[in-house]
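Take a look at the structure below.
The values are calculated or read from the model by the stated rules, or taken from the named source; none is laboratory data. In this text, all values refer to a predicted model and were calculated from it rather than measured experimentally. Here Cβ is always computed from backbone atoms with ideal geometry, including for glycine, and neighbour counts include all displayed protein chains.
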Amino acid sequence: MRYWHPFTEEAIEQIKRDGITKLVVLPLYPQFSISTSGSSLRLLESIFREDEYLVNMQHTIIPSWYQREGYIKAMANLIEQELKTFDNPEKVVIFFSAHGVPLAYVEEAGDPYKAEMEECVDLIMEELEKRKFINAYTLAYQSRVGPVEWLKPYTDETIIDLGRKGVKSLLAVPISFVSEHIETLEEIDVEYKELALSSGIEKWGRVPALGCEPTFISDLADAVIESLPYVGAMAVSNLEARQSLVPLGSVEELLAAYDSQRRELPPPVTVWEWGWTKSAETWNGRAAMLAVLVLLVLEVTTGEGFLHQWGVLPLFR
């Protein structure tokens, strides 16, 4: 994994111990983004270049797989199950919430994430329509941080707007996540649910992450099997991330183009490096944890702050 055990480097060492000579790389992000799959692939590519065992290893990459039939049907299965828990399923608005990225990633660096996300939602809704679910739906982006503009519409603002428009039943769908974590269990299940209920939405539901949903797992296995004949394919110039299979070198071309564009970005993004350097993701996480620690120390030493105002910290004394 990128940020926890087993880390990419640990997995690579296991591959070497096992004597693996051919590799299929399958990022667990349905849609490609230079900040998610791209970040992981850049790390992997740098490891390959520096390791004599790996430098000539035959491999191929599946950069994105959101358009695969099995994935689309698995998502539709979960949504259908949750819709049927409402008294009036046809009146439920389906709310797709995806992890956001800075707008400049898309507009300046050519990240295909937004286009792939929109196409993914369309494909899921087409599958639901085949099952006679003709629900209203919307797509918004969550988890924005920092001073720069991110992809819009924002999830929190959209929830408030839906409440104002009289929507009473809302089904949240975490569209860019395949497993449960803080952005589903805390951000969606707690923060956005509370926001929805306080905005006039009366009935709230949430589709679980895919996890080990059988159709999904079977489709991932099929994706790997289908890619095996392409293992060891030569890099081809001008490959784009939206193609179904590419070698590491071609993904590196995409990321190199992104880096060259970065120098032309407007100052607010250029000077603020959240997610823009190879190590930024790691440092950002460490900076966030350090900031939380500093705030807690200030709370304890000064006796003032948000936790005291909310009456939380005194409970632990």
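Below are the figures for this structure:
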{"item": "Within the stretch 1-21, tally of residues that are closer than 12 Å to residue 47 by Cα and of a type in the set (Val, Ile, Thr)", "result": "2"}
{"item": "Qualifying residue in the stretch 61-77 (condition: within 30 Å of residue 12 (Cβ to Cβ), in a strand (DSSP E or B) and aliphatic (A, V, I, L, M))", "result": "yes"}
{"item": "Residue satisfying all of: in the stretch 1-30; in a strand (DSSP E or B) and of a type in the set (A, V, I, L, M, F, W, C); nearest to residue 114 (Cα to Cα) among these", "result": "25"}
{"item": "Within the stretch 225-248, considering residues that are surrounded by fewer than 16 Cβ atoms within 10 Å (Cβ to Cβ) and modelled with pLDDT of 65 or more, the one farthest from residue 21 (Cα to Cα)", "result": "226"}
{"item": "Selection status of residue 176, hydroxyl-bearing (Ser, Thr, Tyr) and surrounded by fewer than 19 Cβ atoms within 10 Å (Cβ to Cβ)", "result": "no"}
{"item": "Scan of the stretch 9-30 for residues that are at pLDDT 90 or above and of a type in the set (S, T, N, Q), ordered by number", "result": "14"}
{"item": "Some residue of the stretch 31-47 being more than 22 Å from residue 129 (Cβ to Cβ), assigned to a strand (DSSP E or B) and touching a residue at least 40 places away in the same chain (Cβ under 8 Å)", "result": "no"}
{"item": "Residue in the stretch 196-213 that is surrounded by fewer than 14 Cβ atoms within 10 Å (Cβ to Cβ), of a type in the set (Asp, Glu) and at pLDDT 65 or above present", "result": "yes"}
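Every residue, every condition in (1) over 27 Å from residue 214 (Cα atoms); (2) free of Cβ contacts under 8 Å to residues at least 12 places away in the same chain; (3) under 18 Å from the mean Cα position of the chain (by Cα), yes or no:
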residue	(1), (2), (3)
79	no, no, no
84	no, yes, no
91	yes, no, no
101	yes, no, yes
104	yes, no, yes
110	yes, no, yes
119	no, no, yes
130	no, yes, no
135	no, no, no
